[in-house]
Amino acid sequence: MLRSARARSWRAVLRPGSRRSRRFALRTSGAVELGERESMATVDAPFTRLETLRTECEGAAEFLARKLQNNDVMVRVHEALNRATSSGDVKPLARSLIDAIGALFQGADAADLEGVRSDDVIATEGCIQVAHTLVKWGCRMEDDVVVELLKALTQSASRCYADERIRALAVLYNDVPEVKSALRLSLYMGLIQLAGTLGKPNRVRALLASVHQLSRCWNLDALQKRKLLSAAIDALSSNGLADESIEIKERILESLQGSPVNELDEYAELASGTVREVLASSRIFRFDHILDLDVVQNLRIKDKYRSLLQLLEVFVRGGLEDLRSLVSEGRTSLDDLGMDFEFLTWKMRMLTLSSLARESQVVQYRDVERQLDIDESDVEKWVIEAIASGLMEGKMNQIERTISIDRVSHRSFNADQWIPLSEKINIWQANVSELIQIIRVAKKNVQVDPLK
């Protein structure tokens, strides 16, 4: 529990009218990631009565009124505080503070980033903590109030108070009981969207590390899962993580397997965009699993996407000459697809080299030269590039003009690849079973000395 200095100090300084009432001394260190439970100062046991929070609520109201230049904030908080004291209903008090906090973030401007003082940041986080405390123990984490605090923290795109808002939202998520999966989902999506909007790529990555595990734990239906993954895509794309967003898009497209045609049509743009991104990526060299998806095959019947499908098929099954023929015959306009022929040629040469390496453990330089349509002097450069891209591993023999292949990535993975893999697994399984039997026999033959 982080209760000692930090928790005590922010209570002590929230005294309306005092010089220090403009500063909360609630300090937090480090980032609260999803899964960490108490990284902000906690306010559980000591706050069992509303009177304990009166000073803090009044201090928060004074600070927010000053920042918003609106004295009505103090009036509303005082009225709600008095009603809560007499009736025990804390919701109006929580809502009045939440509304003011939301207004503070809404009014924050990008130009304020340089002007925000550290004291104001600490004070703002203290206000959030007071509101969170009211929601947690006063409102018993009721869904409607939690959602209001979620909106207050996420509705502004301003990057002011970015870390404080993300931390507060993470703690709020962790305080929601696990049985409330729908509410947790809303908060989790809010966290992803907030981290993406505020330009926090590392936080986005950390949050998405558990996206598939959580979607299984919450038993999300197909539509809910797609909405969650769409939020993940937006967060990744807005932070320049296009390659990482492709994997998420593939998950969405995979979830459409077996769906009716009208539903596949709704995702035609996502499917075509994903195909373009995959072809345009310098890190992705396998496409067969994408071509086999129902939603991608559905593009074939639409004139708008037919040339894109033809290009994808060439990269799955064809070679350099097939690519050149497709373009030269005018069957595919790369300009219309937003694709660069020079880049696609580079990519096809890399795939052709990996196909050569898969066919033989020793590849001749002259075969690389002929298949890739390059000068022999450039062969080693292409081999080095293929190794650097992770497509293959091997050694070049400059004297014999050969390449010894140690490992190569498969361009596609079908029954032809499964058969040898299955044979290797069966051999491994038999060897392990034999080893286990040898160990059992050895244990039985061990003589145990009763005197030891």
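Can you compute 3J(HN,Hα) from phi for each residue in region 286-296, using the Karplus curve 6.51 cos²θ - 1.76 cosθ + 1.60 with θ = phi - 60°, rounded to whole Hz and x for Gly and Pro?
10, 10, 4, 5, 6, 4, 6, 5, 4, 5, 6
Describe numerically, in nm with one decimal, the distance between label points set 7 Å from Cα along Cα→Cβ at D72 and at E393.
Once both label points are built, they end up 6.8 nm from each other.
Once you charge only the Cβ atoms, +1 for Lys and Arg and -1 for Asp and Glu, what is the size of the charge dipole of region 142-253 about its Cα centre, to the nearest 20 debye?
My answer is approximately 220 debye.
With the Cα gyration tensor of region 76-229 giving a ≥ b ≥ c as the square roots of its eigenvalues, does the rule (a/c under 1.5 for rounded; else a/b larger than b/c for prolate; else oblate) give rounded, prolate or oblate?
Oblate, because a/c is 1.5 or more while a/b does not exceed b/c.
Taking a probe of 1.4 angstrom, what is the accessible area of I439 in Å², to the nearest 10?
It works out to around 80 Å².
HN-Hα J couplings of region 352-367 from phi, Karplus 6.51/-1.76/1.60, θ = phi - 60°, integer Hz, Gly and Pro as x?
Ordered by residue, 3J(HN,Hα) equals 5, 5, 5, 5, 4, 5, 6, 6, 8, 6, 10, 10, 7, 4, 5, 5 Hz.
Let me have the relative contact order for region 178-252, percent, based on Cα pairs under 8 Å that are six or more residues apart.
Relative contact order here is 35 percent.
Once phi is turned into θ = phi - 60°, what whole-Hz ³J(HN,Hα) does the Karplus curve with 6.51, -1.76 and 1.60 give for every residue of region 137-154, x standing for Gly and Pro?
9, x, 9, 6, 6, 5, 4, 5, 6, 4, 5, 5, 5, 4, 5, 4, 7, 10
Translational D (Stokes-Einstein, µm²/s) of region 228-281 at 4 °C and 1.567 mPa s when Rh comes from the Kirkwood sum over C-alpha pairs?
113
What percent does the relative contact order of region 137-234 come to when contacts are Cα pairs within less than 8 Å and at least six residues apart?
Relative CO of region 137-234 lands at 27 percent.
Would you be so kind as to identify which of W218, L253, G240 lies farthest towards the positive end of the dipole of region 210-264, taking Lys and Arg as +1 and Asp and Glu as -1 on Cβ and the Cα centre as origin?
The residue sitting farthest along the positive end of the dipole is W218.
Considering amide H positions built from the backbone, and no H for Pro or chain starts, which residues 5 or more places from S409, or on another chain, come under 5 Å of its amide H?
Amide H neighbours of S409: M392.
Could you sort I436, I284 by their accessible area in this structure, using a 1.4 Å probe and putting the largest first?
I436, I284
Suppose every K and R has +1 on its Cβ and every D and E has -1 on its Cβ; what is the size of the dipole of region 253-351 about the Cα centre, in Debye to the nearest 20?
Dipole about the Cα centre, nearest 20: 340 debye.
What nm distance separates the two modelled labels at V362 and E400, each placed 7 Å from Cα along Cα→Cβ?
Result: 0.4 nm between the two label points.
The values are calculated or read from the model by the stated rules, or taken from the named source; none is laboratory data. Fair warning: this is a prediction, and the values are worked out from it, not measured in the lab. Quick reminder, even Gly has a Cβ in these numbers, built from the backbone with ideal geometry, and neighbours come from all protein chains shown. With ligands, DNA and RNA removed, areas are computed over all heavy atoms of the protein, side chains included. Shrake-Rupley method; radii C 1.70, N 1.55, O 1.52, S 1.80 Å.
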